[in-house]
Amino acid sequence: MTVSADRVKDLTDVGGVRSNQLVGYGLVVGLGGTGDGKDLSFTGQSLKSFLSGLGVSVDGPISEFDLGDSLRDLASQNARKDLKLENVAAVMVTAELPPFIKPGQRIDINVSAIGVASSLRGGNLIMAELKGVDGQIYALAQGPLTVTGVSVNAAGTSVEIGVPTSGRIPNGAIVERMVETPFNNSSHVVLNVRDADFSTSNAIANMINETFGWGTAEALDSVSVALLVPDEGRERVAFMSAIENLEVVPGEPTARVIVNSRTGTAVINRSVRVTAAAVSHGAITVRINTDNNVVQPNAFAEGETVEVANADIQVSEAGAGNMFMFESGVELRDIVDAVNRIGATPSSLIAILEALKRSGSLRAELVVI
């Protein structure tokens, strides 16, 4: 076993074996007054349609006698006033349908409010259809929500922890239809490398051919490796099980620096190199103070009292800028050590990396997120 080797299953995905996104619309009931209320018309329309499907007349019984059109309208309006929607919320339901999943199995679902509901805590999702991109129903969702967010309001003060308008239902949907895949019918199975690299796809093809005989695998490009697989289903599964557990030494990753400008996080992979460069790092501080005064006119002068804002601006630099030099071809450890020696903060490190990239000294892809 090679120390730096990775399993084929950790480097590739099987072509055609993929998840599918499902989406649906539904209603959450049983809320403690945190629902949509009367602010959204489609929430009431959805509840009315749902109850009508169950044989419940939302408009209420009119009478066996002929009351006349005007009396019928008045009775219908009074019946509709009794329909409370403070405990009902319209929601969007999403889920991911895993590959090879069969009807009758369960999947997790996510539920998010799409109206003005302030919280879904304590609610129960009534049956919602989950459809795929083709418009077909692939699962039915229903059940009590698990909401981690909390929102409390009292006496003009509010406290909110997390997001109370979204939640999950573990195993909340039952699969009704499976998605066909080409895995069982095609003469070839394609492995797709997750990070496109010619060296990695070539190494995978060579390892498979050395193990199962030359001609079993062929590297098509930097992503795809085609496999000649057995025709029988059981043999095909056993063959793929052996393939995915082979260990391969992948090619060196593309030199890349990932910078998160919001958190000040910088990640540098082992392939990053820099050419000769000198870097100066210094801190400049700008302080602006405002002194608000009131100017009043003399006792008998004709004037008005006005407010005057006096601004005091100070600019200071904390010592002389520290300078260090990168020799040509230095590696990751040299970069980190040099930056740490001057005590640079993460934000300063980001500024240094961006300057090196702009000057052409950083031999890597700089990704700012």
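Quick look at the numbers
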quantity: Residue count for segment 93-122, restricted to those that are small (Gly, Ala, Ser) and surrounded by fewer than 23 Cβ atoms within 10 Å (Cβ to Cβ); calculated: 5
quantity: Residue check for residue 225: touching a Leu at 6+ places or on another chain (Cβ under 8 Å) and within 30 Å of residue 134 (Cα to Cα); calculated: yes
quantity: Matching residues, segment 259-276, being in contact with a helix residue (DSSP H, G or I) (Cβ under 7 Å, 6 or more places away or on another chain), part of a strand (DSSP E or B) and modelled with pLDDT of 75 or more; calculated: 259, 268
quantity: Residue in segment 55-70 that is β-branched (Val, Ile, Thr), at pLDDT 80 or above and either farther than 30 Å from residue 187 by Cβ or within 35 Å of the chain's Cα centre (by Cα) (or both) present; calculated: no
quantity: Residue among 208, 268 that alone is assigned by TED's automatic domain parsing to the domain that holds residue 363 and among the hydrophobic types (A, V, I, L, M, F, W, C); calculated: 268
quantity: Pick from segment 100-134, criterion charged (D, E, K, R) and part of a loop (DSSP other than H, G, I, E, B), ranking: farthest from residue 85 (Cα to Cα); calculated: 102
quantity: Scope segment 135-165; condition part of a loop (DSSP other than H, G, I, E, B), modelled with pLDDT of 70 or more and more than 22 Å from residue 178 (Cα to Cα); matching residues; calculated: 145, 147, 148, 149, 162, 163, 164, 165
quantity: Whichever residue in segment 1-37 is surrounded by 13 or more Cβ atoms within 10 Å (Cβ to Cβ) and over 28 Å from the mean Cα position of the chain (by Cα) and, among such residues, is nearest to residue 138 (Cα to Cα); calculated: 30
quantity: Conditions (1) over 29 Å from residue 44 (Cβ atoms); (2) over 20 Å from the mean Cα position of the chain (by Cα): number failed by residue 142; calculated: (1)
quantity: Qualifying residue in segment 250-260 (condition: farther than 30 Å from residue 369 by Cβ and among the hydrophobic types (A, V, I, L, M, F, W, C)); calculated: no
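The values are calculated or read from the model by the stated rules, or taken from the named source; none is laboratory data. Remember, it's a predicted structure, so these values are computed and weren't measured experimentally. Virtual Cβ from ideal backbone geometry, glycine too; neighbours counted across all protein chains shown.
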